[in-house]
Ligand SMILES: Cc1ncc(COP(=O)(O)O)c(C=O)c1O
């Protein structure tokens, strides 16, 4: 079978056999190998990675230290059910997580397998601890696909359509998005933080603060298109939670593990969350999630409140320990902060050339390029986004978009300056090709995005 027939055959079988619910259609990209910030498909084509499979491969694909840790652990012990026995890898990782998360000592960790189950855990722990039921979450947030996580999510209609009823007593409020204000304000100063007033309004009309267990918030809203809330909003919200015994849950599944140039996104706002949720990059792609919370919160949560037979599997824990070590030893936090600023500078130069770039925003390597039909209306330029990512794919850059119009610049933190330069040059060419009408409409049948 020639190489392109192999791609076609895999795509055809996949379309026939897999549930469409697990995929977001972008490209016929059948991945075979990865190393650092490079992926290779089954046809032998190389791609610079600007996705990290969705903020997962933070230390790059198949980092030798992570591979070695996985191999060594696999030869020692593959599994140990945490409900029944102890394992040193679990303890070592727990010590690390307690150390790298915001807030002084007196913390504990609970493990799971996915960002979704960790969100469920935060809901359960907050309810158990406070004895309250209500949870406040944000419109346009993505928290995962277990029922609890789905119930606090509100990223797009297809994710929830016909799945109701979800977990009860969840209330959504607008996320503070100053570029596309959900409350229609055009002037960030004159709005007087209308989104915070909206939040406060819940307590005048629907319920009292002492009925609320937790606010669950992504400190940087990821799949909504990289939205960075104003510091003043975060401080007010956090203070309100503190004053009213409401737990502040930082949902850091996407913004954690160095992605923003700090270990966790909440650090940019100087916040110490009551519960912090980690997933995705924690074990470099092996299934592992963690909830980190104060001692007293977890003390209210009895066994088997969050037991999963394969959670904190020693191999996943070994991979997580190696991931943390690599982030530290390769100075990836500092590198990501500095290189992230450079990427934004380059993209802002492009924004000066192309009216179609409405805004460039982000922290570290969590950057969005918001494409608009015109800068005044800010109408989302979905087709343009699809054409740009397609052209990138043709030219050897693996890039996607989300929230209808936002190019997602999310490379592995280990990307080299040369790879980054090549990726940005391809992106520049792709934008020019798409804006100038050199990418055919037919690609829109393939690239659907989300
Ligand atoms: C912020 C955030 N939370 C939770 C999740 C869900 O994680 P998982 O797919 O591991 O359940 C995601 C996944 O994209 C995410 O971006």
Complete set of residues in the stretch 278-287 that are touching a strand residue (DSSP E or B) at 6+ places or on another chain (Cβ under 7 Å) and not in a helix (DSSP H, G or I): 278, 279
Filter result for the condition that a residue is within 30 Å of residue 91 (Cβ to Cβ) and modelled with pLDDT of 95 or more, over 330, 383: 330
Among residues of the stretch 171-183 being surrounded by 19 or more Cβ atoms within 10 Å (Cβ to Cβ) and closer than 26 Å to residue 245 by Cβ, the residue nearest to the chain's Cα centre (by Cα) is 175
Checklist (1) more than 16 Å from the ligand (Cβ to nearest atom); (2) assigned to a loop (DSSP other than H, G, I, E, B); (3) more than 12 Å from residue 102 (Cα to Cα); (4) in contact with a strand residue (DSSP E or B) (Cβ under 9 Å, 6 or more places away or on another chain) applied to residue 303, failing item: (4)
With the structure loaded, tell me whether residue 39 is within 16 Å of the ligand (Cβ to nearest atom) and not assigned by TED's automatic domain parsing to the domain that holds residue 247 or whether it fails that test. no
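Here is a yes/no grid of residues against (1) without any contact (Cβ under 8 Å) to a residue 40 or more places away in the chain; (2) outside any strand (DSSP E or B); (3) out of contact with any helix residue (DSSP H, G or I) (no Cβ under 8 Å at 6 or more places or on another chain); (4) crowded, with 22+ Cβ neighbours inside 10 Å:
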{"site": "337", "(1), (2), (3), (4)": "no, yes, yes, no"}
{"site": "340", "(1), (2), (3), (4)": "no, yes, yes, yes"}
{"site": "345", "(1), (2), (3), (4)": "yes, yes, yes, no"}
{"site": "350", "(1), (2), (3), (4)": "no, yes, no, no"}
{"site": "355", "(1), (2), (3), (4)": "yes, yes, yes, no"}
{"site": "359", "(1), (2), (3), (4)": "no, no, no, no"}
{"site": "367", "(1), (2), (3), (4)": "no, no, no, yes"}
{"site": "371", "(1), (2), (3), (4)": "yes, no, no, yes"}
{"site": "374", "(1), (2), (3), (4)": "yes, yes, yes, no"}
Tally, over the stretch 291-309, of residues that are loosely packed, with under 14 Cβ neighbours inside 10 Å and more than 25 Å from residue 105 (Cβ to Cβ): 2
Does the stretch 195-208 hold any residues that are crowded, with 17+ Cβ neighbours inside 10 Å and free of Cβ contacts under 8 Å to residues at least 60 places away in the same chain, and which are they? 195, 196
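So that you can scan it fast, the table gives a plain yes or no per residue for (1) modelled with pLDDT of 95 or more; (2) under 25 Å from residue 225 (Cα atoms); (3) in the same structural domain as residue 364 (by TED's automatic domain parsing); (4) over 24 Å from the mean Cα position of the chain (by Cα):
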| residue | (1), (2), (3), (4) |
| --- | --- |
| 7 | yes, no, yes, yes |
| 20 | no, yes, yes, no |
| 35 | yes, no, yes, no |
| 44 | yes, no, yes, yes |
| 50 | yes, yes, yes, no |
| 92 | yes, no, no, yes |
| 100 | yes, no, no, no |
Output the number of the condition that residue 298 fails; it satisfies all remaining conditions of (1) assigned to a helix (DSSP H, G or I); (2) assigned by TED's automatic domain parsing to the domain that holds residue 434; (3) over 25 Å from residue 58 (Cα atoms). (2)
Please determine, by comparing only the residues of the stretch 145-157 that are in contact (Cβ under 8 Å) with a residue 40 or more places away in the chain and surrounded by fewer than 23 Cβ atoms within 10 Å (Cβ to Cβ), which one is nearest to the ligand (Cβ to nearest atom). 155
Would you please list the contacts, defined by Cβ atoms under 7 Å and residues six or more apart or on different chains, that run from a residue in the stretch 110-125 that is modelled with pLDDT under 95 to a residue that is near the ligand (Cβ under 8 Å from one of its atoms)? none
The strands (runs of 3 or more DSSP E) lying wholly within the stretch 23-85 that contain at least 1 residues that are in contact (Cβ under 8 Å) with a residue 40 or more places away in the chain and more than 20 Å from residue 321 (Cα to Cα) are 38-41, 46-49
Selection within the stretch 124-144 - at negative phi and either within 12 Å of the ligand (Cβ to nearest atom) or outside the structural domain of residue 298 (by TED's automatic domain parsing) (or both): 137, 138, 141, 142, 143
Only listed residue being in a loop (DSSP other than H, G, I, E, B), more than 28 Å from residue 67 (Cα to Cα) and under 13 Å from the mean Cα position of the chain (by Cα), chosen from 229, 219: 219
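Here's the yes/no breakdown for (1) assigned by TED's automatic domain parsing to the domain that holds residue 94; (2) within 16 Å of the ligand (Cβ to nearest atom); (3) farther than 24 Å from residue 339 by Cβ; (4) at pLDDT below 95:
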{"residue": "237", "(1), (2), (3), (4)": "yes, no, yes, no"}
{"residue": "246", "(1), (2), (3), (4)": "yes, no, yes, no"}
{"residue": "252", "(1), (2), (3), (4)": "yes, yes, no, no"}
{"residue": "264", "(1), (2), (3), (4)": "yes, yes, no, no"}
{"residue": "276", "(1), (2), (3), (4)": "yes, yes, yes, no"}
{"residue": "289", "(1), (2), (3), (4)": "yes, yes, yes, no"}
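The values are calculated or read from the model by the stated rules, or taken from the named source; none is laboratory data. All values reported here derive from a predicted model rather than from experimental measurement. For neighbour counting, all protein chains shown are included, and Cβ atoms are generated from backbone atoms with ideal geometry for every residue, glycine included.
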